[in-house]
Every structure is written in C-alpha cells, then in structure tokens.
C-alpha cells in the first residue's frame, strides 16, 4: 500500500529545558499552527495537517529526538506536587521512544505493525540525522486504513478490557489522577452503586486532567462529578466492532464504556484495542476482494442521494418549508425576550417530515447551504414584520450547520440580510453545536473573529453533550451557553444533573457568558434553575414551538 501523506502530521517540538507550563499550554491550544519547529532544510514534504490539540510533544536537543511528552507523563506531574513554571520537560519526558526512519516508511503496514506491536499511539518519523520530521498517530492510521469491512464480524467481548478502574463521582480529581498513574490507565469510569450494581455515569480521561492543569484548577477541591464527560456513550458486549469504530469516528473519542443488560459496568474498549484485533495481512488480502462490491454500493448510494436531494431542492423551490418559533423566557423580568427559530417541512406527499430526517440529508447533498440561507432570510423578515406590528423587539436564534458556518462569506451574507430588512445585528443570534468547535479549528476561530467584529452574537447549543473540552471555552469568543435538556430533566431530583448544571452555570458566570436552560417542562425544574442562578429558559413549560401567527398571538396575550 502506498503512503498516504495525509496521515503524517507536522509534530509539535520543544526543547528539554522548556517549562511544563509552556508544554501544557501548547498541548491544549486549539490551533495546531502554534506548534514550533526547529529549522532543517531536509524536511520531508508533509501534509497541511498540523497536530491540533496534540496529545504528545516531541523533545529535540542538538537537532536529535531525545524524548516524547505525552498526556500520561503530564498526569504523573499532577500527583507529584511540582509547579509547572519550575519544572522542565526533561524531568518528566519519556526517553525510550519508538520511532521510524522516513527512508523505511515505504508502506502503511510497516507503521501499523510497529505501533501495534509496541501498543503506542504516536510514532515519530525521523530523517537520516534522527531529527523528527513528521508524526503518525494511531487515529490517523486507523482512519486511513478504514478497517470497517473486517470489524462487522467481530464482537466487543472478544477484545474489551474487563478490569476497569472506576470510582464514584464525589471523588476529587486529584484522587482520580492518582488512580490513573498507579494503574497505568488512560481513563477512570465514574459509577453509582445501585442495588449492588455499578452503573457508569461518566468518565475522566488523561486529556481531561491535562486540560484542568492548563486551566489552573485546584484538582483537590474539584470533584469528578463537576467535570466528568457525560452522558456516556455505551455499547453492549455482543455489539460488533464496526459499531465501536463508527461511534469513535462520529464522536471523535478514543474509548467507549461497555454495559450489560441491567446497564451495569462490564468493561471498556479503546482505540488501541480496536487496532490490535486486526491482522494487517488479513486486511490487505480481503480489501482488494471487497473493493469492487464497495464501489457498486457507493454508486447506488450516490444515485439514492441524488434522488432525495432533488426532492429537497423541489421542496425549497415550492416553499414547503416553514419556520416555527419557541419562546425564550426571562424568569427575573417575567417576559419573553426571544425565540429559537426551528424549521419544519410540510411535504404534500409525506406530510410533516421530522428535521431529524431531512437535515442530515441536506448536509450530505450540500443543500444545507441554500436551506440555511432561506432560514436566515425568513427569520430576519419575520423579525422586521413583528417590529412593524408593534410587538416587543425580540432576539431570534437561528441554528447554523457546520458547513454553513465555515462558508467564508457567511458574516457578509448575514450583514446583507440585516441591512436589507433594516435590522440591528443584536436581534439575530447564531446557534452552533459543540461539534462545530472541533472541526476546521483555524477557520472556526477566524469566523468567530469576523462575526464578533460584525456584532453578531453566537450561542453554543446543547452544551455538555458533545466532547468539546473545557479548553475550547478559552479560545472561542461566543456569548451564550445553552444547557441541554438531558441535564435539565428532573434536575430537582437528579443529584448528578443538578451538580453538572450548577457547574455550567457557575462557569458561565465566571467567563461572562449568558446561560439558557432548554427543555424546561415542569415548575420544579424552573424553580430549581432560578434558585441556582439560571434566569433564562425555554421549553414546553413556557410554550411549544409556534407558527409565526401563533407566536404573535402568544406575545400579545
């Protein structure tokens, strides 16, 4: 197999004398372009990819690779009580580094076998002088080799780790870090004991610990419950490994929790486990046999998407779409201050089609761009119509897809629409999901700057349900966090949801963000949120999404 240069990243490089404070800052920066390189003329032709949010740094002295600094090394620092400023990289780095000369990198399976044999996640690529000119990661190899054909017939219980290191949510993050170091694991699963059954409720990883270090948080006072990743994405032992692969790809994570019939904790499966199950020789032989059928299926899929795309395009031309508006309420002023615009498709043939069906289709066919343009145009026109009716001026939030957000002319298009309808920018808000923050980070940061300059506000929707880390909050200049319904539900009874929501509210206030709780359905949920500092809510307790006409009546009433 020929080498695909896209799997080779430009490595982050520092000297042994560099302070760990600088190293941690570099590892948690969202822009890979911050990685620094020592100059060398014989650098190999690398891809445009940079090590974004790198999980390792290569250590170079006298133009030679002398060590590697990983997340696991930095977790060790947490329990040693040393200060970041006064500790140099050489005190913590791993000096036995498995690497590969570029001249020997003739086949992807050479790198694959090497990483598989040594169970490593990072493989430095060296020139003839042992200078690191590239970095291959387990993730980039897995994505390139795409072993999905060979995983569908293997079950999770064949490879999962059953001896799981766990703890309870009330444990301090410092104690969690100690467990990671002592047991040499990359994660600790947080569990609740329900009738002598350990039920997983969250997870903390090495990457989380490093990010907490960068934020200079007191890990002794911080509890796991406040910062754990939640909700967990769990699979069953009898599920096949293809489901693991697809879930890791979708969520951009490296491990999944495995649970039984009673949701009890049974094990974990990691990216390394997934890689080790596959025999490279088996892959290379079967791949050619299956490729022809795969090509046929891809052609059939393309024809189906084309047909469905034509239906969506026709729906847009025939004005089959409609915007509904769900009121947003201020508990302090007891007034509606805004609404979230939600698209609906009224198909003559299919009836009311759920956005969960047609939005992903629009993404795949590229129609999400004109559809998003229509939503912006329609929402702004409606804002102006309501103002002409004499209704109170309201903030209208519009959901923006990842593809639409990364259009280079998005801000100018929005400004043109606002000018056309004579609307001030602060009456329109853009809502993004967390997943947008971890895609095309350079472009995303630039887009945030442009929107900020245009005085267009941005909200992060469904906050806490994705895997964007706390570190991202430092880099993206948005205005509002929206707490997802999964945390708000039964918050007055669910201790876990209460702790997570309170942590988000406190963090939002410290960072000067607004915070809105969505999916509020009961008086008890509303009272709890208000008592704990969340004044802005939306949900069925206030109103279901309404047509423009019904929304006008709702406001007037």
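The values are calculated or read from the model by the stated rules, or taken from the named source; none is laboratory data. Everything quoted here is computed from the prediction, not taken from an experiment. Virtual Cβ from ideal backbone geometry, glycine too; neighbours counted across all protein chains shown.
Of note:
- Qualifying residue in the range 47-57 (condition: at pLDDT 80 or above and not assigned by TED's automatic domain parsing to the domain that holds residue 443): yes
- Residue 294 being assigned to a strand (DSSP E or B) and either under 28 Å from residue 162 (Cα atoms) or at pLDDT below 70 (or both): no
- Number of positions in the range 128-159 that are buried (at least 18 other Cβ atoms within 10 Å of the Cβ), part of a loop (DSSP other than H, G, I, E, B) and modelled with pLDDT of 90 or more: 1
- For the range 103-127, a residue qualifies if it is surrounded by 21 or more Cβ atoms within 10 Å (Cβ to Cβ) and in a helix (DSSP H, G or I), and the qualifying residues are 111, 112, 115.
- From the list 370, 425, 392, the one residue that fits, being under 21 Å from residue 546 (Cβ atoms) and either touching a helix residue (DSSP H, G or I) at 6+ places or on another chain (Cβ under 8 Å) or touching a residue at least 12 places away in the same chain (Cβ under 8 Å) (or both), is 392.
- Tally of residues being surrounded by 20 or more Cβ atoms within 10 Å (Cβ to Cβ), assigned to a strand (DSSP E or B) and touching a helix residue (DSSP H, G or I) at 6+ places or on another chain (Cβ under 8 Å) across the range 499-522: 3
- Residue within the range 34-43 that is closer than 23 Å to residue 180 by Cβ and either surrounded by 20 or more Cβ atoms within 10 Å (Cβ to Cβ) or at pLDDT below 85 (or both) present: no
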